[in-house]
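**Student:** Before anything else, here's the structure in question.
The values are calculated or read from the model by the stated rules, or taken from the named source; none is laboratory data. Quantities reported herein were computed from a predicted structural model and do not represent experimental measurements. Reconstructed Cβ throughout: ideal geometry from the backbone, glycine too, with neighbour counts over all protein chains shown. Each accessible area value is taken on the protein alone, full model and side chains, heavy atoms only, with ligands, DNA and RNA left out. Shrake-Rupley method; radii C 1.70, N 1.55, O 1.52, S 1.80 Å.
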Amino acid sequence: MGNRSKLRLWCSAFACALAVLEADGYFVDITYVESAVAKGAVCLDGSPPAYHLARGSGSGASSWLVHFEGGGWCNNVTTCLQRSHTRLGSSKEMAKQVAFSGILSNAPEYNPDFYNWNKVRVRYCDGSSFTGNKEEVDPRTNLHYRGARVWQAVMEDLLAKGMNKAENALISGCSAGGLTSILHCDRFHRLLPAAANVKCLSDAGFFINVKDIAGVNHAAAFFSDVVKTHGSVKNLPSLCTSKLPAGMCLFPQNEVKQIQTPLFILNAAYDSWQVRNILVPGGSDPRWRSCKHDIKQCSAKQLKILQGFRDHFLEAIEAQGDSPTRGLFINSCFAHCQSEIQEIWFAPGSPVLGDKRIASAVGDWFYGRSWFQKTDCPYPCDSTCHVFKNSSHT
């Protein structure tokens with residue numbers, strides 16, 4: 001299997017991870033943005049974009065959390081056409097209700113700082129982290145590359161529903177959605193009232209440009225194909241595209257330093273998805289099969305390579321500088337996406353860094369109660385990662 005073919009499987013890998021949501025959440029109905037169709041702001045198959053909105057109450061009535069789901073990317077006509085027949089490319093295939101838990105929970109004991117906010121889960125159906133914008137539509141495939149228009153249409157719909165009067169606002173996302181929150185962070189800020197407290201959270205969205213175990217750097221080639229396929233270049237920060245090939249501007253390590261809005265980066269240094277799909281992609285040395293799915297099964301040689309991945313990850317983080325407005329929660333769990341799952345976000349036994357769980361660190365940072373920038377010690381020093389053992393969430 002070729003390197004790019006391996007990476008075309010990213011979408012299905014994300015879909016499997018996203019299929020597992022905590023059942024202890026509450027269910028929220030879907031909203032279709034029908035008005036977006038006339039603007040050409042549509043999913044890959046031409047269907048309207050969608051989101052799920054749970055209204056806020058009390059002290060949270062004027063606060064908004066807009067969370068973007070993940071789901072990988074498609075990088076050519078073949079993979080985008082396949083995707084267009086799934087919930088990641090068509091709102092016709094989306095569930096009418098989804099469970100809200102973790103950062104989207106409405107229970108103060110499980111989500112102390114955001115439980116009563118207006119909470120939105122934006123569905124992902126464009127395959128470009130909401131950056132694409134090609135006018136032409138090939139009649140043979142009926143594929144629409146309109147991610148940037150979808151983002152704008154959803155934002156306009158939410159603004160009309162009260163977000164234009166927000167006092168507090170947080171854009172967040174998991175995985176490809178975490179990348180969305182980085183790429184659109186400043187753009188989101190500009191849409192809101194000048195006096196509003198606006199910040200951004202990226203969960204498992206800090207994808208790094210690193211070679212695989214065979215010494216091949218195919219992630220950059222994949223992202224380059226995504227940008228070309230979707231026509232994304234005009235929707236990527238010009239400060240990056242003026243210096244680097246456009247595909248490189250999907251890597252957060254080339255973006256974060258330029259972001260003006262306060263940003264919190266939540267990520268595992270041994271990001272399980274990146275290990276399985278970038279460091280050790282499908283078709284790699286079969287001796288990695290057990291290790292890449294359970295870090296406890298890794299040999300000493302394999303652990304050394306994983307420590308090298310962690311070193312590259314931390315170097316990319318450190319290169320962004322130590323802005324006082326930035327938050328960091330970089331733990332050493334073998335995990336991917338930690339804000340959507342209740343047992344990880346805020347619950348007895350959830351991961352701790354310093355003396356704080358993830359929800360407490362994010363809440364303290366958002367409200368300015370305390371500064372939080374912490375990086376965990378190397379595996380296997382963190383005993384609070386036990387919740388990930390044999391977990392399908394990773």
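**Student:** Sort largest first and round to whole Å: the equivalent ellipsoid semi-axes of the chain, each the square root of five times a Cα gyration tensor eigenvalue. Walk me through the numbers before you get to the answer.
**Tutor:** Details: eigenvalues 162, 142, 77 Å².
Three semi-axes, in Å: 28, 27, 20.
**Student:** Something else: What figure, in Å² to the nearest 10, do you get for the accessible area of Y115 with a 1.4 Å probe and non-protein molecules left out?
**Tutor:** 70
**Student:** Next question. Carbon and sulfur together cover what percent of the accessible area of the range 29-373 at a 1.4 Å probe radius? Display every interim value, and only then the final one.
**Tutor:** Details: 6280 of 12270 Å².
The nonpolar share, carbon plus sulfur, comes to 51 percent.
**Student:** Turning to a different aspect of this structure: Need one number: nm distance between label points at A61 and L244, each 7 Å from Cα along Cα→Cβ, rounded to one decimal.
**Tutor:** 4.5
**Student:** Given a 1.4 angstrom probe, what's the average accessible area per residue across the range 180-321, in square angstrom? If you can, show how the numbers build up before the last one.
**Tutor:** Numbers: 5580 Å² over 142 residues.
Ligands and nucleic acids excluded, the result is 39 Å² per residue.
**Student:** Here's something else I'd like to know. Starting from the Cα gyration tensor of the range 67-189, multiply each eigenvalue by 5, take the square root, and state the resulting semi-axes largest first in whole Å.
**Tutor:** On the way: eigenvalues 157, 52, 31 Å².
Taking √(5λ) for each eigenvalue gives 28, 16, 12 Å, largest first.
**Student:** Shifting gears a bit: Please work out how much accessible surface V77 shows to a 1.4 Å probe, ignoring ligands, DNA and RNA, in Å² rounded to 10.
**Tutor:** 70
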